Amino acid sequence: MDFDVIVIGSGPGGYVAAIRAAQLGKKVAIIEKYDVLGGTCLNVGCIPSKTLLDSSEHYHNAAYHFAEHGIKINTPKVDLKTMIGRKNDVVTKMNNGVEFLMKKNKIKVFNGFGSFVDKNTVKIAKNDGSEEQIKGTNIIIATGSKPMILPFMNYDGKRIITSTEALNLSEIPKNLLVIGAGVIGAELGSVYARLGSKVTFIEFAGGMIPTMDATLGKELQKVLKKQHGAEFNFNTKVTNISNTGKEVEVTAENSKGETVTFSGDYCLVSIGRRAYTDNLNLDAVGITPNKRGMIEVNDHTLETSVPGIYAIGDIIRGAMLAHKAEEEGVLVAETIVGQKPHIHYNLIPGVVYTWPEVASVGATEEELKASGRAYKKGQFPYKALGRAVASGDTDGLVKVLADKETDEVLGVHIIGARAADMIAEGVTAMEFRASAEDLGRISHAHPTYMEAVKEAALAATDNRSIHS
């Protein structure tokens, strides 16, 4: 069976690449090792975690904030089984949605594990033990990533868990240890903190979400400590994790070189993810992944060293984000038909779905300092924002960074309610190379959270924020 394009992996990069290639008139096949489509993002990543984040936020508001709004209810209780069931229903709806899109675009779906036979042939090992080979002129590898686990962490999937198991716990941990205070640790740690767990973060770096602007990490730490009593142990290197039965014990070395121990009933390991290129038989086509398991690609076309074979998403350089993979899927499909698309990687936003949310695009203040580029900074706190005060969401701020001479916006960083949606204004402004003054002169509806972006831009322009 011959196709113009074969996509291995049906995550957000893979299925979007398949749809775009089909829209452009190509005969497309997609191969997925699991029984359902959507990949990590849809099944054990973005969608289920955001579903639980939303449910836990509803519970937390009912338990702690309804009364101040004049709403009296009986003491709310968490029904974790129903909460997990709703999460599963949401995932199923999204699975069905992707399946519908495959049918709509006449994309042939194969369920099974795809691996290379040669540069134009892929073998599919199916769950029933049978095999099938299909041929394609172009092949896109979009196999995503898996949670990273180190041998001494003794992962067992029961009490020493990754994000995958954390999305399906049958009980709320009393004491949850979180190894890694990056995006995944912050998100799932905040879910269980809102449901009543005592959460202790153990992080090798010196602060939360260390890849983002340091101001955001400090603010998030402050809020999680204030709202949920979370504890933080930075500059701490974990050396062993052991399941002692009903508890987990973590041994680590603190910043003073002292051995310290932590105990909890569950330990979430969230130290990052690794590219998943296992068992693709890349040797058969002459592709050798680098030391991190990633595949090297042409920066402009995302074509590998083998003509006609492309790679996208978590298995190539750059941030491991669903929306980055989607953009790359579109780019490859359009490249295959001879178009000249491009991706501005500096303008791919990063978001942490805690409450308050965290979102960022462009250069951080630390990066600008390190590069020696002269810049201006404007900040505006949520507590001075009418809409935030009205809603009771006064934690957070917006920071706008602009070139000192030209006033061009170089970075926008937000922590606060609706940050995940608000960051799109920063992306749009930077896509069109707007100045901070451009942002400050745009009329923003009142009262809205977006006014904080305008005020921060005014502050960056000439320290002329109106409301601070």
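Heavy atoms only, probe 1.4 Å: what % of the accessible area of the stretch 160-271 goes to carbon and sulfur, would you let me know? Numbers along the way, then the final one.
Numbers: 2070 of 4460 Å².
Accessible surface attributable to carbon and sulfur in the stretch 160-271 totals 47 percent.
Restricting to bridges with both residues inside the stretch 160-271, how much of the DSSP beta-bridge set is antiparallel, in percent to the nearest 5? It would help to have the intermediate numbers written out before the result.
Working: 12 of 26 bridges.
That works out to approximately 45 percent antiparallel.
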Excluding same-chain residues fewer than 8 positions from LYS218, which lysines have a Cα within less than 19 Å of its Cα? LYS226, LYS369, LYS377, LYS383, LYS399
Counting only DSSP beta bridges with both partners in the chain, the antiparallel fraction in percent, to the nearest 5, comes to 60 percent
Net charge of neighbours whose Cβ lies under 13 Å from the Cβ of LEU216, counting Lys and Arg as +1 and Asp and Glu as -1: -3
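Over all directions, average the projected area of the Cα convex hull of the stretch 160-271 and note it in nm².
Numbers: hull surface 25.9 nm².
Reported value for the Cα convex hull: 6.5 nm².
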Under 5 Å between amide H atoms, partner at least 5 residues away or on a different chain: which partners does TYR310 have, H built in plane at 1.01 Å? ILE139, ILE140, ILE141, THR304
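Going from most exposed to least, what order do PHE234, PHE116 have by accessible area with a 1.4 Å probe?
Details: PHE234 40, PHE116 5 Å².
The ordering from most to least exposed comes out as PHE234, PHE116.
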Neighbourhood net charge (12 Å Cβ-Cβ; Lys/Arg +1, Asp/Glu -1) for THR261: -4
How much of the accessible area of the stretch 278-361, in percent, comes from carbon and sulfur atoms when a 1.4 Å probe is used? 49 percent
For the stretch 272-318, what does the convex hull of the Cα positions come to per residue, in cubic angstrom? 74 Å³
Summing -39500 (n - 2.57) over every DSSP H run of at least 4 in the chain, dividing by its residue total and rounding to the nearest 500, the 222 nm mean residue ellipticity is -10000 deg cm²/dmol
Rg over Rh [alpha-carbon atoms, Kirkwood Rh] for the chain: 0.98
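Could you provide, to the nearest whole Å², the per residue accessible area of the chain with probe 1.4 Å? Don't skip to the answer; put the middle values down first.
Numbers: 21510 Å² over 468 residues.
That works out to 46 Å² per residue.
The values are calculated or read from the model by the stated rules, or taken from the named source; none is laboratory data. The shown structure was predicted, so the numbers you read here are calculated from the model rather than taken from an experiment. Don't worry about glycine lacking a Cβ; one is built from the backbone with ideal geometry, like all the others, and counts go over all protein chains shown. For the accessible areas, the whole protein counts, side chains as well, though only heavy atoms, and no ligand, DNA or RNA atoms are used. Shrake-Rupley method; radii C 1.70, N 1.55, O 1.52, S 1.80 Å.
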